[in-house]
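Peer 1: Please see the structure below; I have some questions.
The values are calculated or read from the model by the stated rules, or taken from the named source; none is laboratory data. Since this is a predicted model, take the numbers as computed values, not measurements. Neighbour counts run over all protein chains shown; Cβ positions are idealised from the backbone, glycine included.
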Amino acid sequence: MVMPQQLRSARESLRLDIEEVAAALELSEDQLKAWESGAATPTIEQLWQLADFYYRDVDYFLTEALPIPVELSFRFTEGRSIEQLSIENRRLIARFDELCRAQIELEETLNEPRKIQIARVTDKIEPEELARRERVRLGKDNRPIKDVREILEKQGVRIFELDIPESIFSGLSWWHSTYGPCILANYSDTRGRRNFTLSHEYCHLLLEHGPTACDIEFDYARGSGEERIANRFAAAFIMPAADLREEFRKRQLSETMTDKELGNLAGRYGASLEAMGRRLEVLGLVHRGFVDNRIERWKTQRRFWGWGRRTPKWQKQLGDRFVHGALRAHSEGQISLATLSHYLGVDIREAYRVVHEK
């Protein structure tokens, strides 16, 4: 049975008016109002139409689910609100929320509840010291953390990397009352930048900064206080000072290092060229302005730290844990092929192919 409040919640989560949805789907406003009030019920075809537009699974309209956090703070160079984002970006945020909801449903289906290992910090602490404590807790000490996503997922964070339209923001995070800690990173960014984004958003979660969407700045002097704190944490988390200083010395590097030498150093830590350059500036290993003198050239380059195995883009975006869980649930008869297709964000034919290749 369709739940009227879920139809309304799906629309309001995207901050859309009745008029906007009616125009986009070529429906009458009276129809939508009747469905949302419970005075009438959409047909299954109309429900599929709404599900596609809202980026939701049909099941979302049949069971009660919490909406996207309403107090989502957009920390961009130019202030924005969710209403000022394009519909494509709003639908992207809904897709992220739907993936988090789908993942907890899979965990319940497979009887594999996620354990949240992280503890939120309420006392005042310098971001570098917080990063050091987290590294120690994770058993990393001063060793590089190349795959931040894997580390954070083991701590119970739900992570998805999706293409954010126009790359309007780098990352988004919230601690959901049902789903727990969740992070979205822009898959359009380089891997090194995504590692920094994940670490930055992780800091927001640790320090209870509230739901945020951030445009990452590697220039740590810019942005709000909370943004600077998160940037300082991220830099220290993925590029620990002691190890970086020692590596700089062992490689006999200097302020005149080449881009290739900088790239090799950044590759050790899974960092981007800009993040590494800014970190070296902060540590006094290169002069201030080192990055600014080279950044225009870097903008035309994309660095990849190894090719790795050939994995479909959608699988990289969703992550192995989510994909394997969905495939297992399907193989055990817990979810249909249509639901699997929706979870993976592929059409039925691709889902069928994946099932029969595994």
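Peer 1: Identify all residues within segment 23-37 that are assigned to a helix (DSSP H, G or I) and crowded, with 17+ Cβ neighbours inside 10 Å; write none if there are none. Break it down into steps so the answer makes sense when it comes.
Peer 2: Pass one, segment 23-37, residues assigned to a helix (DSSP H, G or I): 23-25, 29-37.
Those that are assigned to a helix (DSSP H, G or I) and crowded, with 17+ Cβ neighbours inside 10 Å: Leu32, Trp35, Glu36.
Peer 1: Could you list all residues from segment 308-338 that are surrounded by 18 or more Cβ atoms within 10 Å (Cβ to Cβ), within 14 Å of Leu110 (Cβ to Cβ) and not charged (D, E, K, R)?
Peer 2: Selection gives Phe322, Val323, Gly325, Ala326, Leu327, Ala329, His330, Ile335.
Peer 1: Check every one of the helices (runs of 4 or more DSSP H) wholly within segment 248-298 and list those with 3 or more residues that are of a type outside the set (Ser, Thr, Tyr) and either at pLDDT 95 or above or within 24 Å of Ser199 (Cα to Cα) (or both). Before you say what the answer is, go through the steps one by one.
Peer 2: On the way: elements: 259-269, 273-282, 295-298.
Those helices (runs of 4 or more DSSP H) span 259-269, 273-282.
Peer 1: What number goes with the only condition from (1) surrounded by 14 or more Cβ atoms within 10 Å (Cβ to Cβ); (2) touching a residue at least 40 places away in the same chain (Cβ under 8 Å); (3) within 21 Å of Leu318 (Cβ to Cβ) that Ile145 does not pass?
Peer 2: (3)
Peer 1: Given the structure, is Asp163 surrounded by fewer than 18 Cβ atoms within 10 Å (Cβ to Cβ), of a type outside the set (Lys, Arg) and under 12 Å from the mean Cα position of the chain (by Cα)?
Peer 2: Yes; evaluated as a whole, the condition is true for this residue.
Peer 1: Does segment 143-165 contain any residue that is farther than 26 Å from Gly325 by Cβ, in a loop (DSSP other than H, G, I, E, B) and of a type in the set (D, E, K, R)?
Peer 2: Scanning segment 143-165 turns up at least one residue that is farther than 26 Å from Gly325 by Cβ, in a loop (DSSP other than H, G, I, E, B) and of a type in the set (D, E, K, R).
Peer 1: Here's another thing I want to ask about it. Restricting to segment 238-258, count the residues that are farther than 19 Å from Asn142 by Cα and surrounded by 15 or more Cβ atoms within 10 Å (Cβ to Cβ).
Peer 2: Filtering segment 238-258 for residues farther than 19 Å from Asn142 by Cα gives 252-258.
Those still in the list that are surrounded by 15 or more Cβ atoms within 10 Å (Cβ to Cβ) too: 253, 257.
Looking only at that region, the number is 2.
Peer 1: Please tell me if Leu152 is in contact with a helix residue (DSSP H, G or I) (Cβ under 8 Å, 6 or more places away or on another chain), crowded, with 19+ Cβ neighbours inside 10 Å and either among the hydroxyl-bearing types (Ser, Thr, Tyr) or in contact (Cβ under 8 Å) with a residue 12 or more places away in the chain (or both).
Peer 2: Criteria met by Leu152.
Peer 1: Here is a further query. Counting only residues that are touching a strand residue (DSSP E or B) at 6+ places or on another chain (Cβ under 6 Å) and in a loop (DSSP other than H, G, I, E, B), how many does segment 180-209 have?
Peer 2: Matching residues across segment 180-209 total 1.
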